[in-house]
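Note sheet for the following structure.
The values are calculated or read from the model by the stated rules, or taken from the named source; none is laboratory data. From a predicted model like this one, the values you see are computed outputs, not experimental measurements. No Cβ is skipped: glycine too gets one built from the backbone with ideal geometry, and neighbour counts run over all protein chains shown.
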Amino acid sequence: MSMIAPGMPAPDFTLPRDGGGEVTLSALRPAPVVLYFYPKDDTSGCTRQAQDFTAATEAFAEAGAVVLGVSKDSVARHDKFVAKHGLQVALLSDESGEVCESYGVWVEKSMYGKTYMGIERTTFLIGGDGTVLRVWNKVKVPSHVQEVLAAVKAS
């Protein structure tokens, strides 16, 4: 469960991105930002989600929004993931996990009776003033991107 709720300021950060360079959240203002956290590059759900966001790249751009994906994978892994699937979404590397922690998405998960720490698939819509407008917790990938795009257009 994310600790960040609508109406709160989005924690600022600077992270390295695929293809080199860095992205600073506050530097993107006044554009709205779709910030999505996902568990791991090149796994089925994460690939589908990145492909769905890529397919909607133009629609988000027309709405004036920037889409950023974040996981703990390295920039090198992101580069491979992007090249393999032709992705057009900026993927940020949070290897230290500090940004995942600050957004409350680094949580205890369980699979097959074992508990472990991991990223809970969560999407934040951040307004042009840096305030969180919407939070989607425990995201289910099918139709998620369309729902986020509709929220961006409505904001």
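So, in the stretch 1-21, exactly how many residues are surrounded by 12 or more Cβ atoms within 10 Å (Cβ to Cβ) and either closer than 19 Å to Ala83 by Cα or of a type in the set (S, T, N, Q) (or both)?
Qualifying residue count, the stretch 1-21: 6.
Pull up the stretch 131-155, narrow it to residues that are touching a residue at least 60 places away in the same chain (Cβ under 8 Å) and among the basic types (Lys, Arg), then point me to the one that is farthest from Leu68 (Cα to Cα).
Lys153
Matching residues to (1) among the charged types (D, E, K, R); (2) out of contact with any Phe, Trp or Tyr (no Cβ under 9 Å at 6 or more places or on another chain); (3) within 19 Å of Pro9 (Cα to Cα):
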residue	(1), (2), (3)
Asp73	yes, no, no
Phe81	no, yes, no
Gly86	no, yes, no
Asp94	yes, no, no
Glu101	yes, yes, yes
Leu133	no, no, yes
Val152	no, no, yes
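Please find, within the stretch 140-155, the residue that is surrounded by the fewest Cβ atoms within 10 Å (Cβ to Cβ) out of those that are under 12 Å from Val34 (Cβ atoms) and touching a helix residue (DSSP H, G or I) at 6+ places or on another chain (Cβ under 9 Å).
Restricting to residues being under 12 Å from Val34 (Cβ atoms) and touching a helix residue (DSSP H, G or I) at 6+ places or on another chain (Cβ under 9 Å), the top hit is Lys153.
Quick one: which residue in Lys138, Lys109 is in contact with a Gly (Cβ under 8 Å, 6 or more places away or on another chain) and either under 25 Å from Pro11 (Cβ atoms) or modelled with pLDDT of 95 or more (or both)?
Lys109
For the stretch 86-95, indicate whether the set of residues that are under 28 Å from Asp129 (Cα atoms) and surrounded by fewer than 18 Cβ atoms within 10 Å (Cβ to Cβ) is non-empty.
yes
Please find, within the stretch 106-130, the residue that is surrounded by the most Cβ atoms within 10 Å (Cβ to Cβ) out of those that are more than 20 Å from Thr24 (Cβ to Cβ) and in contact (Cβ under 8 Å) with a residue 60 or more places away in the chain.
This residue is Thr122.
Could you check the stretch 1-100 for helices (runs of 4 or more DSSP H) lying wholly inside it with 1 or more residues that are in contact (Cβ under 8 Å) with a residue 12 or more places away in the chain and of a type in the set (Asp, Glu)?
44-55, 75-85
Working carefully through the options Gly69, Gly64, find the one that is under 30 Å from Ala150 (Cα atoms), crowded, with 19+ Cβ neighbours inside 10 Å and among the small types (Gly, Ala, Ser).
Of Gly69, Gly64, the one residue that is under 30 Å from Ala150 (Cα atoms), crowded, with 19+ Cβ neighbours inside 10 Å and among the small types (Gly, Ala, Ser) is Gly69.
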